[in-house]
There are 2 protein chains.
Amino acid sequence: MNRERAFNLLHECGLDAVVATSYENLTYVSGAYIYTQRTVPTRMSAILLTRNGDATYVFCSIEESLIRDQSWIADLRGYREFAEDPMDILAALLREKKLDGQRVGLERRFLGADHVGKLELQGAAAHYVDSTDYFKKLRMIKTEAEIALLERAATTTRKAVEAAFTAARPGDTEKQIANNIVHHLFDMGCDETAFITLAAGANGSRAHHLPDHTRLEPGQVIRTDLGGFFSGYYSDLARTYVVGPPSKEQAATYRSLGRIYRDVIAKMTVGRPVSDLYRICRDGFEGEGLAFFMPHIGHSIGVELHELPMVQPKDDTVLQENMVFNIEPFYRDTQGQGYHVEDLILITARGPRVLSGHLAPEEIPVIA
Amino acid sequence: MNRERAFNLLHECGLDAVVATSYENLTYVSGAYIYTQRTVPTRMSAILLTRNGDATYVFCSIEESLIRDQSWIADLRGYREFAEDPMDILAALLREKKLDGQRVGLERRFLGADHVGKLELQGAAAHYVDSTDYFKKLRMIKTEAEIALLERAATTTRKAVEAAFTAARPGDTEKQIANNIVHHLFDMGCDETAFITLAAGANGSRAHHLPDHTRLEPGQVIRTDLGGFFSGYYSDLARTYVVGPPSKEQAATYRSLGRIYRDVIAKMTVGRPVSDLYRICRDGFEGEGLAFFMPHIGHSIGVELHELPMVQPKDDTVLQENMVFNIEPFYRDTQGQGYHVEDLILITARGPRVLSGHLAPEEIPVIA
């Protein structure tokens with residue numbers, strides 16, 4: 001995180017202070033990756049940033065050594081789980097910082113109603129407003145360090161998928177191929193898996209089919225979509241294969257999707273509204289004669305899998321340098337088979353750059 | 001889930017209806033495992049159960065095929081992401097079910113304040129109370145199917161750890177061993193990793209150290225604590241090893257921890273309050289001359305990693321047949337090295353049963 005920007009942005013957003021409480025914002029603001037904030041959501045933490053440059057971290061004392069090692073925040077307030085309530089400590093902190101009558105941003109879409117109620121009753125007599133816009137603005141432009149990490153994550157994920165499918169054979173099960181992807185992912189430095197879909201043939205009718213013992217049969221279209229964690233950041237990538245030589249229709253469908261894909265990506269230039277990309281994609285489907293049903297065609301990524309801006313018709317945020325987007329057109333044929341390609345794209349002044357190394361191929365790759 | 005119990009429990013808890021919104025409760029109530037409810041928390045879903053036996057699922061239309069395949073709920077209300085707001089649909093549903101003046105349970109600790117505010121304003125004119133107690137009671141007694149799944153998950157995780165450490169050698173890195181655990185986990189049917197700590201020597205000073213390129217050196221104590229997902233359910237297991245022959249002190253410390261561990265587990269009998277187990281453990285540490293600092297010494301597990309009841313001093317829930325608990329005493333020596341053992345225990349009328357197959361060994365196992 002760019003600290004200077006985090007404090008300056010409070011002013012820009014008309015906030016006197018902001019409180020991070022979600023796993024994503026805690027990771028982002030603190031710089032410390034504490035996976036229990038994701039796996040044990042009842043164990044609450046909070047970071048308060050105020051307009052005069054104070055930063056305070058309220059956290060479960062179990063995690064103190066990790067926070068001391070990894071975070072820039074010096075004012076640390078550990079609480080003993082089950083003996084103390086972190087919301088009491090946060091409420092006292094809000095009073096201590098004398099925020100009465102001021103505007104304090106809370107994650108009102110994610111912080112439970114009873115917790116917000118407690119802060120309203122026991123914290124400073126402040127206006128507790130929603131902080132969605134603040135965190136969107138803070139996180140949507142990536143730092144050089146974030147771009148380097150996201151590039152490593154995306155490239156590793158692409159290579160893991162390519163390696164596993166290069167070694168795949170007709171007759172393998174979905175689960176065998178998925179496991180090989182995971183083996184390669186971890187061997188190349190992934191910390192944890194986040195999700196894995198891998199669907200052969202009609203299993204593609206489920207948007208998020210878990211790989212099972214279905215065997216790959218000649219003529220089937222295989223779709224995979226997966227992500228891992230790399231130092232707290234997500235990767236996300238999709239590829240489509242066919243078992244044995246594709247039918248004319250399969251080859252043509254994939255080629256159409258690839259044309260739409262490349263057209264959208266080519267138009268990812270600074271200054272264009274995100275919603276334009278959605279429309280270009282939708283029009284591309286129409287032009288290629290493919291049914292279009294996607295509520296979004298991509299998303300930013302970072303400490304959250306689907307970060308803002310989302311590439312959806314109502315998000316008019318303008319593309320800026322150092323934004324990143326997963327672009328992922330998806331098509332399902334009449335047999336339920338999924339065609340899906342997805343790579344990570346960086347917005348630069350000189351145009352889009354593929355952070356996953358190279359785009360999904362133009363012709364459907366074959367498992368033989 | 002036992003459906004009859006879910007509806008009867010509404011009556012017992014003085015509720016006229018309940019709304020599930022967290023990933024965990026959506027998975028539990030619906031029977032459908034939709035991992036995007038965990039990875040994309042902005043894409044909200046809700047299930048309403050009413051006292052007269054109605055069940056309705058509000059969900060993102062992308063997931064419809066998966067829900068139709070896996071869930072018993074027939075009244076399905078898909079919404080189109082970004083075009084419709086699921087909270088509008090839920091508010092309309094609460095009005096449709098005529099819950100005015102009635103008691104409706106919400107996950108007020110997890111459902112964002114602005115969402116609850118919307119339901120209070122636009123839903124039925126009901127009393128929106130907290131549902132924590134309802135879901136605790138519903139989920140804490142496991143069904144036969146859940147016990148079988150949790151046993152498979154726990155045993156698989158133990159075997160993966162044992163296999164990787166059997167093959168480990170001094171000089172290996174933490175990450176190599178962790179990757180081997182993951183390889184075995186996936187090969188034995190794990191769907192996704194949830195978290196992995198593996199710390200050699202002083203890296204144990206961080207509660208949740210991520211395995212890195214630290215090499216195992218003679219004399220080091222190695223601690224691992226990890227979990228995976230199996231059809232939406234968690235596993236969680238910890239083991240401790242030493243590189244080369246242990247010092248007398250290392251052997252004695254591990255043996256002490258093992259005695260405390262076995263003593264706590266032996267006392268996991270029907271009718272005993274959970275808080276008793278915490279005190280037995282604390283007294284055991286005192287008796288063995290080991291410093292005790294744990295806020296909890298275990299937890300239930302299922303669709304959530306730390307489920308209620310928690311084995312902490314203030315939870316007086318009484319042990320009942322078909323409850324399960326991860327028991328996990330932990331000790332950190334003066335060099336920061338972690339000693340940690342953890343297995344999954346089922347409460348039965350005939351006493352505790354080890355669902356992970358067998359407990360961590362009594363003598364510290366050696367990497368040679």
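Bear in mind that the values in this text are calculations on the coordinates, not laboratory data. Please read all numbers here as calculations on a predicted model, not as lab measurements. Heads up, the Cβs are rebuilt from the backbone with ideal geometry, glycines too, and the neighbour counts pull from every protein chain shown.
Please rank B:115, B:184, fewest neighbouring Cβ atoms within 10 Å first, as an exposure proxy.
Least crowded to most crowded, the residues run B:184, B:115.
Taking a cut-off of 15 Å between Cα atoms, list the aspartates and glutamates near residue B:98, but don't count ones fewer than 8 places away on the same chain.
Within reach: B:16, B:54, B:120.
Using a Gaussian network model on chain A with a 10 Å cutoff between Cα atoms, which of A:266, A:83, A:199 fluctuates the most?
A:83
Mind checking the mean number of beta-carbon atoms from other chains within 10 Å of the Cβ atoms in A:92-102?
Other-chain Cβ atoms within 10 Å of each residue's Cβ, averaged: 0.
Compute the acute angle (0 to 90°) between the alpha-carbon long axis of helix B:274-288 and the principal axis of greatest extent of the alpha-carbon atoms of chain B; round to the nearest 10°.
In chain B, helix B:274-288 runs at an angle near 20 degrees to the longest axis.
Hey, what number do you get for chain A at 222 nm if only DSSP H runs of n ≥ 4 count, each worth -39500 (n - 2.57), divided across all residues, to the nearest 500?
Result for chain A, helices only: -11000 deg cm²/dmol.
Considering only DSSP beta bridges where both residues belong to region A:3-139, give the percentage that are antiparallel (nearest 5).
The antiparallel fraction comes to roughly 40 percent.
What Kirkwood radius, in Å to one decimal, follows from the Cα pairs of the protein assembly as shown?
Kirkwood radius, the protein assembly as shown: 26.8 Å.
Need one word for chain B: rounded, prolate or oblate. Basis is the Cα gyration tensor (sqrt eigenvalues a ≥ b ≥ c); a/c below 1.5 gives rounded, then a/b vs b/c decides.
Note, shape of chain B comes out prolate.
If each label sits 7 angstrom from Cα along the C-beta direction, how far apart, in nm, is residue B:348 from its counterparts in the other copies?
For residue B:348, the inter-copy label distances come out at 6.3 nm.
Just subtract the alpha-carbon distance of residue A:54 and residue A:350 from 0.36 nm times their residue separation and send over the number in nm, one decimal.
Going from the current span to full extension adds 102.8 nm.
Give the residues of region A:225-242 whose amide nitrogen is closer than 15 Å to a point set 7 Å from the Cα of residue B:42 in the direction of its Cβ.
Counting backbone N atoms under 15 Å from the label point, the list is A:234.
Students often get this wrong: which residues of region A:31-70 have the backbone nitrogen under 11 Å from the point 7 angstrom along Cα-to-C-beta of residue B:293?
Inside the label zone: A:61-66.
DSSP loop (so not H, G, I, E, B), at most 15 other Cβ within 10 Å: list which GluC sites (Glu not before Pro) in region A:307-368 pass both filters.
Hits after loop and neighbour filter: A:321, A:362, A:363.
Mind giving me the nanometre distance, one decimal, between the label points for residue A:231 and residue B:80, set 7 Å out from Cα along Cα→Cβ?
4.2
Starting at the first residue of region A:74-84, write each ³J(HN,Hα) from the Karplus equation 6.51 cos²θ - 1.76 cosθ + 1.60 with θ = phi - 60°, in whole Hz, x for Gly and Pro.
Once θ is set to phi - 60°, the couplings for region A:74-84 become 9, 8, 10, 10, x, 10, 8, 4, 6, 8, 10 Hz.
Counting DSSP beta bridges with both partners in chain B, what percentage is antiparallel, nearest 5?
75
Just tell me how shielded B:182-195 is by partners: mean number of partner chain Cβ atoms within 10 Å of each residue's Cβ, no decimals.
Mean partner shielding for this stretch: 6.
With angles folded into 0 to 90 degrees, how steeply does helix A:144-166 sit against the dominant principal axis of chain A? Use alpha carbons for both and round to 10.
Rounded to the nearest ten degrees, it is 30.
How many angstrom separate the Cα center of region A:1-20 from the Cα center of region A:88-141?
Answer, in whole Å: 13.
Along Cα→Cβ at 7 Å, what distances in nm separate the residue B:320 label point from those on the other copies, shortest first?
Relative to the other copies, residue B:320 has label-point distances of 5.4 nm.
Summing Lys, Arg as +1 and Asp, Glu as -1, what charge do residues with Cβ under 9 Å from the Cβ of residue B:367 carry, residue B:367 excluded?
0
Quick one: what are the phi-derived ³J(HN,Hα) couplings along region A:335-350, Karplus 6.51/-1.76/1.60 with θ = phi - 60°, whole Hz, x for glycine and proline?
8, x, 6, x, 10, 8, 10, 7, 9, 9, 10, 9, 8, 10, 5, 9
So, in nm, how far is label residue B:12 from label residue A:5 when the simple model puts each one 7 Å beyond its Cα toward the Cβ?
Result for the modelled spin labels: 5.2 nm.
Under a point-charge model restricted to the Cβ atoms of Lys and Arg (+1) and Asp and Glu (-1), what is the dipole moment magnitude of chain B relative to its Cα centre, in debye to the nearest 20?
Approximately 460 debye in magnitude.
Write out the trypsin sites (Lys or Arg not before Pro) in region B:321-368 meeting two conditions: DSSP loop, and at most 13 other Cβ atoms within 10 Å of their Cβ.
For trypsin sites (Lys or Arg not before Pro) across region B:321-368 that sit outside H, G, I, E and B with at most 13 neighbouring Cβ atoms in 10 Å, the list reads B:350.
Pairing the Cα long axis of helix A:248-266 with the longest principal axis of chain A, what angle in degrees results, from 0 to 90 and rounded to the nearest 10?
Roughly 40 degrees, rounded to the nearest 10.
Using a label point 7 angstrom from Cα along Cα-to-C-beta, what distances in nm, from shortest up, separate residue A:92 from the other copies?
In nanometres, ordered from closest: 4.7.
Which FRET efficiency value, to the nearest 0.05, is calculated for residue B:249 and residue A:335 with the Förster distance at 56 angstrom and r the Cβ-Cβ distance?
E(calc), rounded to 0.05, equals 0.30.
Enumerate the amide H contacts of residue B:79 below 5 Å, restricted to partners 5 or more residues apart or on another chain; note that Pro and chain-start residues carry no placed amide H.
Excluding prolines and chain starts, which carry no amide H, the hits are B:59, B:60, B:61.
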